[in-house]
Each structure stands twice: as structure tokens, then as C-alpha cells.
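Novice: Sending over a structure as C-alpha cells; questions will come in a sec.
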Amino acid sequence: MPITRQGWLGLALALLAYVALRALLLGTNFDEFTMPQYELFPMGTLPLLSGVEGGLPVSRVYDNAAGQLLTGWLAEPCYALFGPTYLALKLVPLTLGALALVLLWLLVCDSAGERAATAAALLFALGPTTLVKYSTYASGNHFETLAFNALALWCTFAMHRRGVSTARLFATGFAWGFAAFVFLGALSTLLLLALVHLGLRGPRASLRDALVLAPGAALGLAPLLALNVWTGWRGFEFLQNKFSKEGSGADLGRIASRLAEFAGEHLLAATQFRDFGPLPGSLARWMFLLAFLAGYLLLVPAALRGVRTLARGALGRVSADTARFDEALAALLCAYLPLTALAYATSGLEIQPKEPPMEAEGYRYFNTHLFYATFVIALGAWRLPSTALRLAVLAPALAAGSFSAALADWSFSHTNLGAHYDGFNVKQTANQLLTPRNGYSVEQACAMAEAYPPQVRAQLYLGMGRVRTMQRLIKAKGGDPDLWSTLGEFPERARPDVARGIGATFRHQARVFSRLDRRILDVARERLAAGDPLAGFALEGLATDWEVAMAKDLPARLAELEALAADLQASEPTLLPHFIRGTGVVIGRALRRGVASEESAVAHYAPALSARANSEFCEGVGIGFEEGLRAPQVERPLETLLPSGFDAGALERGRTRRRAELAR
């Protein structure tokens, strides 16, 4: 049946709601929707690494979800259009979420009509916090998979409703294979789709279909197979670790305990709604769960009929009743939750609740369930005979969705931050360059680094300095790690940045353990006494965070640096000027982003820091300001952002020095 004008308007309304909510959230409260350690690398950094002859083979950043690579590739046109910003990176999951919404609408429309489809699409657009947040996370797998799961569902059911043909079989097979390529977690959905196809077609026809389905699936899977061959079957090793090693398996007591935990704790908590004004988030969690349970129970009779029809079909008694398509969809949707619960109970997967703003990350495995929950609620509601009864099921879920407004910053005091942040973290690439499982020597990693432009290369060397230092610290087990010999592994021109990486290692350790490992100070003091200029670079790096800081993080980071500077002034005054230069570098990097709240934080902390060593501080600001890979976003002259009495000559000296270092 052709879609009516009202149907298209309903779909447009749902898309508008989807876009408007996320534009509000990202526009007013961007920092709430960031996971830089999981987004900026590899997804955001891949466009900078790709297409460079002699550079890092991007397949080596593959972990267990090839969707990470796909997200990186899809970021390239976004960067080309809007620049390599954090906001541009988030256009990838946002666009894939919109595609998932359209496919959801089409599926439900075929099964229950246009109004049910619009209701389901609105439930997704205004969905649980976990879904809403993940629709803005460029994580590469847990949300991005929804679009490709939905594509596999739509191709399968559209093929059966419209008639099986060679072209449709091949396209369906490809959709199945590509969904597995994006995320191995799609295998649950694909297993159910295979059973649906067998039940709808019967064993003989299914065998014939396999001659076309299989090549299509093989084509969709080909990138995944190539990646696993290239990386030593990395993705399948992940599955083995989660499902066949200690902490998983057929211990019935453990399975029962984890099933109870899944149903009694995680199913309610998975939505992660926040408090909304005086209304507690727990209220929204219960409303959504009750709406889901109501829809599920209403859908069960159709699902049971679907199971019976599919079972008969699998035995060769295929039904000609067109209702079997709707019932098969109901059976698949109702089967997904118990299948997921069983997979959790028999695996080593862990669900670890986290504090805001990372709470959604703790329930990432529930994205597909929550997506399918929107199908279940809408399809279940449309099993009822009247609009009033349908609204009784839909209203609690839609009302719960309004709690997403609690994630906005209604003061509008920090707007458009995402366009000021870089969408990449090049230095984190070093983890892949020097991880033992990739098998690259330091010499090979350096050769790849040399293929990149100077700004990228400098960040790669800083990262490699940090990684090699961490490896030495682990090997030393608390003893002398012989830090300085690390520098000898690298080309001479790379050693200043490698030394900065050594210092950054100890900055990271200081945050993790709430204390500074004094070994870096001992080595720096010794090398300075010997006249080694690289010791100063290591002390600069001691001020550098490994993690990318958002604007909300900068005041706390500067407070930590000020406290460490006071400690050095009291205990190691000869080392202080170099560390103060490093704090200037941190501030210069922040100032180039042009974020008003960061400029305020700098204005608050810079006077005390610069007073300890004004010339070195200003030199560091100049160095940091020259380190970006894209044009500065600051609108005012850099000099106006520093405290009164700054050393203009040192500022320019730092900028000149860094440009010269990069030009070597």
C-alpha cells in the first residue's frame, strides 16, 4: 500500500523531533555528550591517518567492532564539509540514527500502519537517556549498529512481503553480512532473521535461497574477514574471551544469578533517565519499563502464533496467510530480550553502572534492546482496539522521553562548544603503533610517523614516548625503569616530543594514584645537572594530560597544576621554571580553542602560575598556541587573554621555537 501524505508528514515530524532534541542538547551542553577517550580515537583520528603513503595501516586500529573503522571513514566527508571538529564527528552517529529511525518507521508501517509507525519513530526520537546519549557518541559500534540491524530487518521483511527474487535475496544477504561487519553483537538479530527466513520459506526453498543469500552475505562480511585475517582473528578472539573463558559457560547457579540480575536490576536501570526538576529519574525509568512490559505482553499472542507458524514452515508446511509476516516480526522482537538475557547470563560480559555524565556508557549493551523496545511498545499498543487504550500504553513511554530535556543546559551559557573542539586525538594513535599485538618495532613505528605532516608527527612521537615509558614502568615493577634510555630508541629530531611524552606519563600516573611518582623528578634533576636540554622537555610534559580535556575539566586541571607548581617551588625550585613552561603550553592549547569559560579559567589561574616564572610561562603559552592541527578558534588577540604584565617577547619566542621544532 502506498504511503499517504499524512504518513510522510508523520515521519517528517519524528525526524524533526529527533534532530531538534539533539541539536538542543549538543548546542547547549556539549560536554555532557562527550567520551573523548572512546570517540576521538580511532574514529575521529582515522581521517587524519588515512591515505598517507607509508603511514599507519588503518586496519591495525581495528579492535572487535569494525564499525569503528566505518565511523572513521564516514567522518571524512563530515570533516571535509565542516572541518575536523568534535561536532562534525558527531554528525556520523546522528545521521546513522536518523537512518535507523526511517527504517524503523518503514518496518512498523508495513506491519501496523502509518500511525503506529509514527508512534514508534517518536518513541525512538524522544527515547531513553541511554539511546539519546549514544545517538551522539561516535563510538563506532553500540549505536551505529542499530541502522544496520534495522536495514537487515527491513530488507528481510520487505523481501518476503513483496516477493522473493534473486536481487532481493542478494541484497538481504549483503545487509546481513554488513551488519555483522559493523558489530559482532548483531549476530543475535541475524540468528533470529535466519530462523524467520527458514520458517517463512521452508527448508527446500531456503536451501535454494542460500545459493544467492550466501554470496551476498559473504560480500557484506568480506571486510570483516579480511580484517580478522590481517589482525590475527582479533574480533573472534574477543567473542571467545567473552563466551568461552573463565567467567562464562554453563554453570547453572551462575546463569540463574545473572538472569535475575539482568531482569531485576539492569532492565530497569538501562534507560538511565535523569531527574527532571522535582521529578525523579526513577519515575521515568518505571514508566518506560511498564510501557515496554505492556507492549510486550500485548505482542506475545501474535509472537506465539508466529513461533507456531515459523516452526511449521521450518518443517515444510509453509503458510500462505499474509498475517504470518506481522507475527514473524512479533516473534523476533519478543525473542530478542530473552536471547539477550541468556547471552549475558552465559558470557563474561560485565555491566558496570557509572556516574554522570558517563552513565550511558555503563549500559551500552542495551542500545539494541532499547531500540527494539520502541517497536514493541508501538506494535503492542496497536493490538488494542481503541485510540484511548493505545495512548494508555504509549503515553508513559513518551512522557518518560520528555526527561531527556533535563540533559539540556537551559541557561544557554556554553553554546556551540563542539565546533571549538578538535575531532581527533593523534597522540593516542601511539597505543596502536606500539601495542605488542600489532608487532611493530619502534623503528617501524617511527618510519610510519615520518610519513605524516610535522604537526601530526609531533603528536605521534609524544604519544610513543608515553607508551614506551609505560611499558618500561610495568617491566620495572617499581624499580628503576631507566627512563632516559627511551630517548635513544627514537630519531634525534623526535626526542623533544618523546621527552614530553615521558613527562606526560607521570602526569597521568599522578592523577590515577593521586600522587606524583618522584622518579621523574630524580631523573630530570640528574639530567639537568648534566646539561641535558631534553630534561626540560620532560618537565614540560609533566604538565600535559594524556586525556583530552573538555571545557568543564580545565578549572580542575589548572588547580592541580597550580598545586604541583607550589610543591615544586618548595621542594625542587630548579625544576620549577621548566614545569611552569609546561603549564603555559597547556594554557596555550586551551586558549587557541576560543572557549569563553576556558578563557575565564585561565584568567583565574594564570596570575599565580605566571608569577612563579613569568618568562617561562609566556614562552609555554606561545608553544601551546602553535601546536594545533587546525586554525585557532580564538577571536581575540592572544596577548589580550593573558594576565597583565605578561612577557610579550617570551610569548613570541615560544611561538617561534615551536615552529622551528616542527620544521626540523
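Residues are listed down the side, and each one gets a yes or a no for (1) out of contact with any Asp or Glu (no Cβ under 7 Å at 6 or more places or on another chain); (2) β-branched (Val, Ile, Thr); (3) outside the structural domain of Gln455 (by TED's automatic domain parsing):
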position: Leu473; (1), (2), (3): yes, no, no
position: Leu558; (1), (2), (3): yes, no, yes
position: Ala565; (1), (2), (3): yes, no, yes
position: Thr574; (1), (2), (3): yes, yes, yes
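Here's the yes/no breakdown for (1) surrounded by fewer than 19 Cβ atoms within 10 Å (Cβ to Cβ); (2) touching a residue at least 24 places away in the same chain (Cβ under 8 Å):
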{"position": "Leu290", "(1), (2)": "yes, yes"}
{"position": "Ala294", "(1), (2)": "no, yes"}
{"position": "Ala302", "(1), (2)": "no, yes"}
{"position": "Gly306", "(1), (2)": "no, yes"}
{"position": "Ala311", "(1), (2)": "yes, yes"}
{"position": "Ala320", "(1), (2)": "yes, no"}
{"position": "Leu329", "(1), (2)": "no, yes"}
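Novice: Sticking with this structure for a sec: Condition check: in contact with a helix residue (DSSP H, G or I) (Cβ under 6 Å, 6 or more places away or on another chain), buried (at least 16 other Cβ atoms within 10 Å of the Cβ) and assigned by TED's automatic domain parsing to the domain that holds Leu126. Does Gly380 satisfy that?
Specialist: yes
Novice: Suppose the filter is part of a helix (DSSP H, G or I), farther than 27 Å from Leu398 by Cβ and free of Cβ contacts under 8 Å to residues at least 24 places away in the same chain; does Arg324 pass it?
Specialist: no
Novice: Restricting attention to the stretch 84-99, does a residue exist that is assigned to a loop (DSSP other than H, G, I, E, B) and modelled with pLDDT of 95 or more?
Specialist: Yes, some residue in the stretch 84-99 is assigned to a loop (DSSP other than H, G, I, E, B) and modelled with pLDDT of 95 or more.
Novice: So which residues in the stretch 444-469 are surrounded by fewer than 20 Cβ atoms within 10 Å (Cβ to Cβ), part of a helix (DSSP H, G or I) and in contact (Cβ under 8 Å) with a residue 12 or more places away in the chain?
Specialist: Answer for the stretch 444-469, where residues must be surrounded by fewer than 20 Cβ atoms within 10 Å (Cβ to Cβ), part of a helix (DSSP H, G or I) and in contact (Cβ under 8 Å) with a residue 12 or more places away in the chain: Ala447, Pro454, Gln455.
Novice: Quick check on this structure: which one of Glu652, Glu639 is farther than 19 Å from Ala543 by Cα, over 33 Å from the mean Cα position of the chain (by Cα) and modelled with pLDDT of 90 or more?
Specialist: Glu652
Novice: Further question on the same structure: Looking at this structure, is Val393 touching a Leu at 6+ places or on another chain (Cβ under 8 Å), assigned to a helix (DSSP H, G or I), farther than 27 Å from Ala663 by Cβ and touching a residue at least 40 places away in the same chain (Cβ under 8 Å)?
Specialist: Here the answer is yes, as Val393 does meet what is asked.
Novice: Ok, one more. Give Leu153, Leu184, Leu191 a once-over and let me know the one that is in contact with a Ser or Thr (Cβ under 8 Å, 6 or more places away or on another chain) and closer than 26 Å to Leu370 by Cβ.
Specialist: None of the other options fit; the residue is Leu153.
Novice: Continuing with this model, one more query. Hey, among Gly199, Gly220, Gly163, Gly177, which residue is surrounded by fewer than 19 Cβ atoms within 10 Å (Cβ to Cβ), of a type outside the set (Phe, Trp, Tyr), assigned by TED's automatic domain parsing to the domain that holds Pro42 and farther than 30 Å from Arg274 by Cβ?
Specialist: It is Gly163.
Novice: OK, next. Those residues that are over 17 Å from Gly362 (Cβ atoms) and touching a helix residue (DSSP H, G or I) at 6+ places or on another chain (Cβ under 6 Å), I need them from the stretch 270-283; list them, please.
Specialist: If the condition is that a residue be over 17 Å from Gly362 (Cβ atoms) and touching a helix residue (DSSP H, G or I) at 6+ places or on another chain (Cβ under 6 Å), then Asp275, Phe276 are the ones that fit.
Novice: Are any residues in the stretch 203-217 surrounded by 19 or more Cβ atoms within 10 Å (Cβ to Cβ) and either within 30 Å of Thr435 (Cβ to Cβ) or not hydrophobic (A, V, I, L, M, F, W, C) (or both), and if so, which ones?
Specialist: Asp209, Gly216
Novice: For the stretch 205-221, how many residues are farther than 12 Å from Trp176 by Cα and not β-branched (Val, Ile, Thr)?
Specialist: Total satisfying the criteria: 7.
Novice: Identify all residues within the stretch 425-439 that are closer than 10 Å to Met464 by Cα and basic (Lys, Arg); write none if there are none.
Specialist: Once the filter is applied, which keeps residues that are closer than 10 Å to Met464 by Cα and basic (Lys, Arg), the stretch 425-439 yields only Lys427.
Novice: Moving on. Evaluate the stretch 131-146: report whether one residue or more is of a type in the set (Gly, Ala, Ser) and at pLDDT 95 or above.
Specialist: Yes, there is a match, as at least one residue in the stretch 131-146 is of a type in the set (Gly, Ala, Ser) and at pLDDT 95 or above.
Novice: Show me the helices (runs of 4 or more DSSP H) entirely contained within the stretch 532-643 in which 3 or more residues are β-branched (Val, Ile, Thr) and either out of contact with any His (no Cβ under 7 Å at 6 or more places or on another chain) or farther than 26 Å from Trp484 by Cβ (or both).
Specialist: Because the criterion is at least 3 residues that are β-branched (Val, Ile, Thr) and either out of contact with any His (no Cβ under 7 Å at 6 or more places or on another chain) or farther than 26 Å from Trp484 by Cβ (or both), the helices (runs of 4 or more DSSP H) in the stretch 532-643 that meet it are 576-591.
Per-residue answers, yes or no, for (1) free of Cβ contacts under 8 Å to residues at least 24 places away in the same chain; (2) crowded, with 22+ Cβ neighbours inside 10 Å; (3) assigned by TED's automatic domain parsing to the domain that holds Pro47:
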residue: Cys618; (1), (2), (3): no, yes, no
residue: Gly628; (1), (2), (3): no, no, no
residue: Pro637; (1), (2), (3): yes, no, no
residue: Leu642; (1), (2), (3): no, yes, no
residue: Asp647; (1), (2), (3): no, no, no
residue: Leu651; (1), (2), (3): no, yes, no
residue: Ala660; (1), (2), (3): yes, no, no
residue: Ala663; (1), (2), (3): no, no, no
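Novice: Taking the stretch 219-272 as the region of interest, how many residues are outside any helix (DSSP H, G or I) and either modelled with pLDDT under 70 or under 23 Å from the mean Cα position of the chain (by Cα) (or both)?
Specialist: Qualifying residue count for the region: 13.
Novice: Picking from Lys475, Lys427, which residue would you name as being of a type outside the set (S, T, N, Q), closer than 30 Å to Gly27 by Cβ and assigned to a helix (DSSP H, G or I)?
Specialist: Just one listed residue meets the conditions, Lys427.
Novice: Any residue at all in the stretch 292-305 that is among the charged types (D, E, K, R), more than 20 Å from Asp110 (Cα to Cα) and either modelled with pLDDT of 90 or more or in contact with a His (Cβ under 8 Å, 6 or more places away or on another chain) (or both)?
Specialist: No, every residue in the stretch 292-305 fails to be among the charged types (D, E, K, R), more than 20 Å from Asp110 (Cα to Cα) and either modelled with pLDDT of 90 or more or in contact with a His (Cβ under 8 Å, 6 or more places away or on another chain) (or both).
Novice: Any residue that is modelled with pLDDT under 90 and under 19 Å from Gln37 (Cβ atoms) - is there at least one of those in the stretch 495-503?
Specialist: No, the stretch 495-503 has no match at all.
Novice: Within the stretch 408-443, restricting attention to residues that are over 20 Å from the mean Cα position of the chain (by Cα) and among the aromatic types (Phe, Trp, Tyr), which residue is surrounded by the most Cβ atoms within 10 Å (Cβ to Cβ)?
Specialist: Tyr440
Novice: Out of (1) under 30 Å from Phe33 (Cβ atoms); (2) touching a Leu at 6+ places or on another chain (Cβ under 8 Å), the odd one out for Leu259 is which?
Specialist: Going through (1) under 30 Å from Phe33 (Cβ atoms); (2) touching a Leu at 6+ places or on another chain (Cβ under 8 Å) one by one, Leu259 breaks only (1).
Novice: Could you tell me which numbered condition Leu398 fails, if it satisfies all but one of (1) part of a helix (DSSP H, G or I); (2) in contact with a Leu (Cβ under 8 Å, 6 or more places away or on another chain); (3) modelled with pLDDT under 95?
Specialist: Condition not satisfied by Leu398: (3).
Novice: Would you point out the residue of the stretch 1-53, among those that are small (Gly, Ala, Ser) and surrounded by 21 or more Cβ atoms within 10 Å (Cβ to Cβ), that is nearest to Ala596 (Cα to Cα)?
Specialist: Gly44
Novice: For the stretch 350-361, state whether one or more residues are under 22 Å from the mean Cα position of the chain (by Cα), modelled with pLDDT under 95, on the phi < 0 side of the Ramachandran plot and crowded, with 19+ Cβ neighbours inside 10 Å.
Specialist: Checked the stretch 350-361: at least one residue is under 22 Å from the mean Cα position of the chain (by Cα), modelled with pLDDT under 95, on the phi < 0 side of the Ramachandran plot and crowded, with 19+ Cβ neighbours inside 10 Å.
The values are calculated or read from the model by the stated rules, or taken from the named source; none is laboratory data. Since this is a predicted model, take the numbers as computed values, not measurements. Reconstructed Cβ throughout: ideal geometry from the backbone, glycine too, with neighbour counts over all protein chains shown.
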